[in-house]
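Colleague: Quick one: structure below, then a few questions.
The values are calculated or read from the model by the stated rules, or taken from the named source; none is laboratory data. Please read all numbers here as calculations on a predicted model, not as lab measurements. Here the Cβ positions follow ideal geometry from the backbone for every residue, glycine too, while neighbour counts run over all protein chains shown.
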Amino acid sequence: MSTRKLPSPMMSGRTIYQPEHEQFRDTCRKFFTAEILPNIAQWEKDEIVPRSFWRKAGEMGLLCVTVPEEYGGPGADYLYASIVDEELGYTGQASVTLQVQSDIIAPYILALGTEEQKQAWLPKMVTGEVIGGLCLTEPGTGSDVRNVRTRAVRDGDEYVINGSKTFITNGQNGDLFVVACQTGTGDRKGISLILVEAIRDGFRRGRNLEKLGMKASDTSELFFEDVRVPVTNLLGVENGGLAQVMKELPKERLAIATIAMANAQKAFDITLDYVREREAFGKKIFEFQNTQFKLAEIRSQLAMGWAYLDQCIARFMKDELTGEEAAIAKYSTTEMQCRIIDDCLQMHGGWGYMWEMPISRMYADARVRRIGGGSSEIMKLVIGRAL
């Protein structure tokens, strides 16, 4: 963790946050520093973040912060959710995936759920008693949500679900999953979102997948074999799942962009500290012109990235953020994150390749950001189609 005191907000010149937001940031940073950094090495060995951490985060009011008070949440504005994502990203430990719960599952239920679904699930998600996961990806689909093969067949007052999902974040910890299923004729107009509880007969967790990075995040295969759920578990409109996913994706991509920016900022800050202390050829690494030029490049990229991200956050809060703008944010920040972390690792020299160094973990963890939530190539398609 960098010992140098950062400007507040995270980078000087930002104007979207008020003093009360910065007080909340201080709470987040202290909690994540105390709870994540001393434990991440063990969590990586265990390949899972313990449920006790989720409950602690819930007790601190750091889960699902935008959920209204009538459903047990703080009812805070979206800037508070952005701060949670920024501070998670700034820990440098991307394995802690609270954002799936707070930025995807809870908003899905809040936007699409019935009153009964909201009352049943949101309060428990706020406290961390229930952990959620999103089941879109299948072994043969990747980013192509339209091609899901998992099928839900209506049988009286129940759906019978058969199929499999993969790369599911919170797959081992999860209690409740939003599952994309075919309910129609097998085309893009026949996809529905259905809530599936992990206690249902026929639901089975596969292996906890071994990954390049994000080693403490439980990422799993999930199997559905004649899983019966009541039709009241339908989330939103039957056969309207694709449109529902498309509507919610900008928020997910904005959250990914926020974490990527904060993570890139963290890489810059710890590298700046490192080169000011490390010596080579009789002087500090920072004193070499090449080092200063590279740091200047990174500093400039970060300044531009924060400016666009803040613009997107402001537009999202006005319900004006377009899919194209979210795709630009997700594409540009995740690509930049990987470039910056690669440059920062290089400035660490051989030590940068050692897993004990934060920059090494960050290098491995960052790579998935260009894939998850829609790959960079998909982002280019979204942007290109809007031209």
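Colleague: Could you say which residue among 59, 70, 87 is without any contact (Cβ under 8 Å) to a residue 12 or more places away in the chain and either more than 26 Å from residue 315 (Cβ to Cβ) or not hydroxyl-bearing (Ser, Thr, Tyr) (or both)?
Modeller: Checking each option against the conditions leaves just 70.
Colleague: Give me the residue from the stretch 136-153 that is out of contact with any Phe, Trp or Tyr (no Cβ under 8 Å at 6 or more places or on another chain) and closer than 18 Å to residue 223 by Cβ and, out of that set, surrounded by the most Cβ atoms within 10 Å (Cβ to Cβ).
Modeller: 148
Colleague: If the requirement is being more than 27 Å from residue 214 (Cα to Cα) and of a type in the set (A, V, I, L, M, F, W, C), which of these qualifies: 131, 191, 199, 168?
Modeller: Just one listed residue meets the conditions, 191.
Colleague: Filter the stretch 154-201 for residues that are farther than 24 Å from residue 97 by Cα, at pLDDT 95 or above, surrounded by fewer than 20 Cβ atoms within 10 Å (Cβ to Cβ) and of a type in the set (Gly, Ala, Ser) and give the result.
Modeller: 156
Colleague: Looking at residue 133, is it touching a helix residue (DSSP H, G or I) at 6+ places or on another chain (Cβ under 8 Å), surrounded by 22 or more Cβ atoms within 10 Å (Cβ to Cβ) and at pLDDT 95 or above?
Modeller: yes
Colleague: So, in the stretch 214-240, exactly how many residues are in a strand (DSSP E or B) and hydroxyl-bearing (Ser, Thr, Tyr)?
Modeller: 2
Colleague: Quick one: would you say residue 311 is touching a helix residue (DSSP H, G or I) at 6+ places or on another chain (Cβ under 7 Å) and either aromatic (Phe, Trp, Tyr) or without any contact (Cβ under 8 Å) to a residue 40 or more places away in the chain (or both)?
Modeller: no
Colleague: Quick check: is even one residue across the stretch 272-283 over 13 Å from residue 334 (Cβ atoms), assigned to a helix (DSSP H, G or I), of a type in the set (A, V, I, L, M, F, W, C) and in contact (Cβ under 8 Å) with a residue 24 or more places away in the chain?
Modeller: yes
Colleague: Looking at the stretch 58-82, which of its residues are among the small types (Gly, Ala, Ser), surrounded by 20 or more Cβ atoms within 10 Å (Cβ to Cβ) and within 18 Å of residue 30 (Cα to Cα)?
Modeller: 58, 81, 82
Colleague: Turning to a different aspect of this structure: Check the stretch 89-106 and report whether any residue there is over 12 Å from the mean Cα position of the chain (by Cα), within 21 Å of residue 193 (Cβ to Cβ) and surrounded by fewer than 18 Cβ atoms within 10 Å (Cβ to Cβ).
Modeller: Within the stretch 89-106, not a single residue is over 12 Å from the mean Cα position of the chain (by Cα), within 21 Å of residue 193 (Cβ to Cβ) and surrounded by fewer than 18 Cβ atoms within 10 Å (Cβ to Cβ).
Colleague: Looking only at the stretch 317-327, how many residues end up being under 13 Å from residue 258 (Cα atoms) and out of contact with any helix residue (DSSP H, G or I) (no Cβ under 6 Å at 6 or more places or on another chain)? It would help to see each step written out before you state the result.
Modeller: Taking the stretch 317-327 as the starting set, the residues that turn out to be under 13 Å from residue 258 (Cα atoms) are 326-327.
Narrowing the set further to residues that are out of contact with any helix residue (DSSP H, G or I) (no Cβ under 6 Å at 6 or more places or on another chain) leaves none.
Within the stretch 317-327, residues that are under 13 Å from residue 258 (Cα atoms) and out of contact with any helix residue (DSSP H, G or I) (no Cβ under 6 Å at 6 or more places or on another chain) number 0.
Colleague: While we're looking at this one, here's another question. I'm told residue 122 meets every condition in (1) under 22 Å from residue 310 (Cα atoms); (2) in contact with a Phe, Trp or Tyr (Cβ under 7 Å, 6 or more places away or on another chain) except one. Can you identify the failing condition by its number?
Modeller: (1)
Colleague: At least 1 residues that are surrounded by fewer than 22 Cβ atoms within 10 Å (Cβ to Cβ) and β-branched (Val, Ile, Thr) in each: list the helices (runs of 4 or more DSSP H) lying fully within the stretch 289-387 that qualify.
Modeller: Filter on the stretch 289-387 gives 289-317, 323-348, 376-385.
Colleague: Suppose we filter 82, 52 for residues that are in a helix (DSSP H, G or I) and free of Cβ contacts under 8 Å to residues at least 40 places away in the same chain; which single one remains?
Modeller: 52
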